[in-house]
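The values are calculated or read from the model by the stated rules, or taken from the named source; none is laboratory data. Note that the coordinates shown come from a computational prediction; the quantities given were computed from them, not determined experimentally. FYI the Cβ positions are ideal-geometry reconstructions off the backbone, even for glycines, and counts take in every protein chain you see.
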Amino acid sequence: MKIHISILLILFFLIPLTNQSQKTEKMIKSDKEWRISLDEMSYQVLRKSYTERPFTGEYNLHFQEGYYSCKGCNQKLFESNNKYESNCGWPSFDQAIPGTIDYVKDYSHNMFRIEVKCSKCDGHLGHVFKDGPKETTGKRYCINSAALTFKDK
């Protein structure tokens with residue numbers, strides 16, 4: 001019994017240390033720097049939480065092999081093998097690369113949603129919902145194309 005308690009105590013103190021070591025260092029820029037480094041739509045989406053119109057984004061029906069990164073800081077966010085067609089009008093993924101997304105409760109527009117932000121630059125990416133493919137994660141990361149860049153593998 002004492003051994004089990006000792007192991008639990010060790011894990012209790014070590015788990016927070018491992019999570020902190022995986023945290024990404026934040027990218028800080030002034031509003032002026034963001035305006036210079038981003039096109040207008042990407043600035044509105046990433047910095048002002050704007051949502052592009054459905055079915056208009058560059059990556060909505062894009063299915064090449066590679067990965068998607070944050071347009072604000074180039075942090076890898078999603079692998080192409082996690083992208084799927086959800087018919088919602090925005091690029092959809094069933095999971096993100098671990099440690100790259102921050103989750104924020106969003107009560108805007110008289111509804112409750114979970115906003116997803118880049119963990120490195122705090123850029124607004126979109127939202128995550130629980131209506132994704134049941135055979136995988138059950139999640140749908142609904143992401144604005146204007147928040148992303150794509151690199152071929």
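Could you tell me whether Y67 is of a type outside the set (A, V, I, L, M) and within 15 Å of R140 (Cα to Cα)? So Y67 does not fit the description; no.
Taken over segment 106-115, the criterion of being within 14 Å of the chain's Cα centre (by Cα) and farther than 16 Å from K139 by Cα is satisfied by no residue.
Can you find a residue in segment 43-62 that is more than 13 Å from the chain's Cα centre (by Cα), farther than 17 Å from S145 by Cβ and touching a residue at least 24 places away in the same chain (Cβ under 8 Å)? No.
Tell me yes or no: at least one residue of segment 74-84 is at pLDDT 95 or above, over 22 Å from E40 (Cβ atoms) and among the small types (G, A, S). Yes, there is a match, as at least one residue in segment 74-84 is at pLDDT 95 or above, over 22 Å from E40 (Cβ atoms) and among the small types (G, A, S).
Quick check on S119: is it of a type in the set (G, A, S), at pLDDT 95 or above and within 19 Å of R47 (Cβ to Cβ)?
Details: of a type in the set (G, A, S): yes; at pLDDT 95 or above: yes; within 19 Å of R47 (Cβ to Cβ): yes.
Yes: the conditions hold for S119.
Residue-level check: of (1) closer than 22 Å to R35 by Cα; (2) surrounded by fewer than 16 Cβ atoms within 10 Å (Cβ to Cβ); (3) basic (K, R), K130 misses just (1).
Listed by first and then second residue, the pairs with beta-carbon distance under 6 Å, at least 6 apart or on different chains, first residue in segment 10-39 and at pLDDT 60 or above, second of a type in the set (D, E, K, R) and surrounded by 10 or more Cβ atoms within 10 Å (Cβ to Cβ), are T24/K120; M27/K120; W34/R47.
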